[in-house]
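Visitor: Structure incoming, see below.
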Amino acid sequence: MRRIFSRLAALFVVAGLALPLAVPASAATLRWSNDGDVNSMDPYARNETFLLTFLLNIYEPLVRRSKDLKVEAALATEWAQTAPDTWRFKLRQGVKFQDGTPFTADDVIFSYQRVRQPSSNMNSNFVTVKDLKKIDDFTVEFVTNGPDPILPEEITNWAIMSKAWCEKNNAAVPADLGKVTEESFATRNAMGTGPYMLKERVPDVRTVLVANPTWWDKPVGNVTEAVFTRIANPSTRVAALLSGEIDFVYTVPPQDVDRISTTQGTKIIKSPELRTIFFGMDQLHDELIDSNIKGKNPFKDERVREAFYRAIDEKAIVTKVMRGQAAETALMIAPGVNGFDKALNERPAYDPAKSKKLLADAGYPNGFETGMDCPNDRYVNDEAICQAVVSMLAKVGVKVNLLAQTRLKFFGKIGAPNYGSSFYMLGWTPSTYDAHNMLASLVATRTPAAGLGDNNDGGISNAQVDADIKAIQVETDAKKRQTLISDALGVIKNQYLYIPLHQQVVVWAARSNVNVAQMADNYFYLRFVTVK
């Protein structure tokens, strides 16, 4: 294992940032790993938890999350809804980007214009925003389409970028990760206002961050260097932790939890997660892309979608594949997300016999063939879950051709602009911890100009849900808003628009001398880490 890390050292790429001349006596290096890499250094490239949590160590939002997920000041010091359709933010003065450039309202306006570009994958955070105005150098004003009482909650992962740096390096527009070969300077480089700076970047191998000596805030922890190494193989990753080669593992294989927890010198850290894992189906194309059925799309028939749902034994997935490290669900949001309706959270029964009848009634008595897309380095046991579902669907006559790929290729195929999957796995954590985020991102009819349906990879278009979403985003009465949310969740469930599976348990592992702050959204912030 040590030879592996020695060979990686020869691949360093130096970003050329100035480093502190001295470090505190308590300074520490954290060596950590995950099964997949950060696919871009651009914080607008993909609305994906691991990419965002990694880059929010370098970049910062106007408002951020505390350890208990409360909204707190970051690059903005105060904010208020000055009118039903207006939010005013006062910006922090004296902040500098890591290249010494002062942070001002011009950077916020530029970042807004950049995040609203068609190639940005973060548009869904701004579905209610009509305009962003500069009032003065340290004041900006959001104008919304009607009241938006939760706007601050919606922008906690919106990283502010330097106008001067982006324009100087021809990175004013995000590169489209859906086009795998498209890159910009911001794809491999980063420069923000946050607590850490990018020092070295070798995609799919190793990325090194170092503490920003001029950061305006003070870290709770003592990590001055963080060395991230991608180790795709789960056994190798766990072995590196147990041997002391690395200090922290972000994605822990469920089958190794007991081994790690009982090994001297290592520990398991776990808590319920807000992410929901689910399957989506192409409900847009007139003919499935990957199927032996020609001239029609079986997934447009609700009976087929229900048949797939009832053919999947989620209890078996939780107990056998996830080894108990998940909670089955019937809803697309988790308990703890605003809008969760316990009364709706009962899954339609696993019933292969009924599944076969539904397929026959829909005109497929012998089943049919379809492709399935799945990541193999994104969610806990993602490929294993997909393999289990392939076997379950085979029992009702459906032949599934599984394509499991790394997250870069997977997201590039199923997401914008390609939308090239017939049947796919995905996971979603509402960044606002509110149901509207899930609905606007995953279920709303695709409307790129409005930021709606950015991650509606199956092309769902449901008039009732669209109407609910429009009403939810401006409704200020809590009871009326919950009624609208419950209506939308009921439509999704009763019409089988998605097949929700479970909420993962967040499972991290660390050496005994490493203390971290585990949050229910699975975000991992280096500023909270202490290495003793």
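The values are calculated or read from the model by the stated rules, or taken from the named source; none is laboratory data. This one's a predicted model, so the numbers in the text were calculated from it and none came from an experiment. In this analysis, Cβ positions are derived from the backbone assuming ideal geometry, glycine residues included, and neighbour counts consider all displayed protein chains. Please note that ligands, DNA and RNA were not included when accessible areas were found on the heavy atoms of the full protein model with its side chains. Shrake-Rupley method; radii C 1.70, N 1.55, O 1.52, S 1.80 Å.
Visitor: If we sort 397-407, 258-268, 221-231 on the protection proxy, mean other Cβ atoms within 10 Å, highest first, what's the order?
Guide: 221-231, 397-407, 258-268
Visitor: Would you mind counting up the charge near Gln464? Only other residues with Cβ under 15 Å from its Cβ, with Lys and Arg at +1 and Asp and Glu at -1.
Guide: Neighbourhood net charge equals -2.
Visitor: At a probe radius of 1.4 Å, what is the per-residue accessible area of Leu358, in Å² to the nearest 10?
Guide: Its accessible surface works out to 20 Å², give or take rounding.
Visitor: Assuming 0.36 nm per residue, please report the length gained on full extension of the stretch Thr447 to Leu403 beyond their Cα-Cα distance.
Guide: Contour length minus Cα-Cα distance gives 13.0 nm.
Visitor: Let's test the formula: R0 of 35 Å, r as the Cβ-Cβ distance of Lys296 and Tyr350. What FRET efficiency results, to the nearest 0.05?
Guide: Efficiency computed from Cβ-Cβ geometry: 0.80.
Visitor: Mind listing the long-range amide H neighbours of Leu91? Cut-off is under 5 Å, sequence gap 5 or more, other chains count too, H placed in the peptide plane at 1.01 Å from N.
Guide: Close amide H contacts, sequence-distant or interchain: Thr77, Thr139, Val140.
Visitor: Also, I was wondering about something else. Take Asp136 and Lys218, extend 7 Å from each Cα along the Cα→Cβ direction, and tell me the distance between the two endpoints in nm.
Guide: In this crude label model, Asp136 to Lys218 measures out at 3.0 nm.
Visitor: Please list, in chain and number order, the residues 5+ apart from Asp290 or on another chain whose amide H is under 5 Å from its amide H, with Hs placed from the backbone.
Guide: When sequence neighbours closer than 5 places are left aside, the close amide H contacts are Gly371, Ser422.
Visitor: Go through region 422-429 residue by residue and turn each phi into a ³J(HN,Hα) via Karplus (6.51, -1.76, 1.60, θ = phi - 60°); whole Hz please, and just put x for glycine and proline.
Guide: Karplus-based 3J(HN,Hα) across region 422-429 equals 8, 7, 8, 9, 8, x, 8, 10 Hz.
Visitor: From the square roots a ≥ b ≥ c of the eigenvalues of the alpha-carbon gyration tensor of the chain, which class results: rounded (a/c under 1.5), prolate (a/b over b/c), or oblate?
Guide: oblate
Visitor: If packing is taken as the average number of other Cβ atoms within 10 Å across a peptide's residues, how do 326-335, 303-312 rank, most packed first?
Guide: Ranked by mean Cβ neighbours within 10 Å, highest first: 303-312, 326-335.
Visitor: Projecting each Cα onto the charge dipole of region 238-367 (Lys/Arg +1, Asp/Glu -1 at the beta carbon, about the Cα centre), which of Phe308, Pro272, Tyr350 comes out farthest on the positive side?
Guide: Tyr350
Visitor: Same structure, new question: Among Leu393, Ala334, Thr77, whose Cα projects farthest towards the positive end of the dipole of the chain, with charges put on the beta-carbon of Lys, Arg (+1) and Asp, Glu (-1)?
Guide: So the residue furthest toward the plus end is Leu393.
Visitor: If the reach is capped at under 28 angstrom between alpha carbons, list the lysines near Lys470, excluding any in the same chain fewer than eight residues apart.
Guide: Straight-line reach from Lys470, under 28 Å: Lys70, Lys130, Lys133, Lys134, Lys300, Lys342, Lys479, Lys480, Lys493.
Visitor: Considering amide H positions built from the backbone, and no H for Pro or chain starts, which residues 5 or more places from Thr86, or on another chain, come under 5 Å of its amide H?
Guide: Those lying under 5 Å, H to H, from Thr86 are Thr144.
Visitor: Here is a follow-up. Could you compute how fast region 59-197 diffuses translationally, taking Rh as the Kirkwood radius over C-alpha pairs and applying Stokes-Einstein at 20 °C with viscosity 1.002 mPa s? Give it in µm² per second.
Guide: Estimated diffusion coefficient is 138 µm²/s.
Visitor: Could you compute the FRET efficiency for Ala80 and Val390, with r as their C-beta to C-beta distance and R0 at 41 Å, rounded to 0.05?
Guide: Rounded to the nearest 0.05, the efficiency is 0.20.
Visitor: Right, another one. If each of Lys315 and Val491 carries a label point 7 Å out from its Cα toward its Cβ, how far apart are those two points in nm?
Guide: With each label placed 7 Å out from Cα toward Cβ, I get 3.2 nm.
Visitor: In debye, nearest 20, what is the charge dipole magnitude of region 192-254 about its Cα centre with +1 on Lys and Arg Cβ and -1 on Asp and Glu Cβ, if you could check?
Guide: Approximately 100 debye in magnitude.
Visitor: A further question follows. Kindly report, to the nearest 10 Å², the accessible surface of Arg275 as traced by a 1.4 Å probe over protein heavy atoms only.
Guide: 10
Visitor: Let me ask another. Suppose R0 equals 30 Å. What FRET efficiency, 1/(1 + (r/R0)^6) with r the Cβ-Cβ distance, do Ile289 and Asn170 give to the nearest 0.05?
Guide: For R0 = 30 Å, the calculated efficiency reads 0.30.
Visitor: Sort 83-96, 494-507, 107-120 by the packing proxy (mean of other Cβ within 10 Å over each peptide's residues), most packed first.
Guide: Ranking the peptides 83-96, 494-507, 107-120 by packing returns 494-507, 107-120, 83-96.
Visitor: Report ³J(HN,Hα) in whole Hz for each residue of region 512-517, in order, from the Karplus equation J = 6.51 cos²θ - 1.76 cosθ + 1.60 where θ = phi - 60°; Gly and Pro get x.
Guide: 4, 8, 10, 10, 10, 9
Visitor: Quick one: what are the phi-derived ³J(HN,Hα) couplings along region 287-304, Karplus 6.51/-1.76/1.60 with θ = phi - 60°, whole Hz, x for glycine and proline?
Guide: Here the 3J(HN,Hα) series is 9, 4, 5, 10, 6, 8, 8, 10, x, 7, 10, x, 6, 6, 9, 4, 5, 5 Hz.
Visitor: Counting DSSP beta bridges in region 342-466, what percent are antiparallel, to the nearest 5?
Guide: 10
Visitor: On to the next question. What is the distance, in nm, between label points placed 7 Å from the Cα along the Cα-to-Cβ direction at Ala478 and at Asn513?
Guide: 4.7
Visitor: Students sometimes get this wrong: rank Thr101, Thr156 by accessible area, probe 1.4 Å, all chains present, largest first.
Guide: The ordering from most to least exposed comes out as Thr101, Thr156.
Visitor: Please give the charge dipole size of the chain, origin at the Cα centre, charges +1 on K and R Cβ atoms and -1 on D and E Cβ atoms. Round to the nearest 20 debye.
Guide: Magnitude of the dipole: close to 1240 debye.
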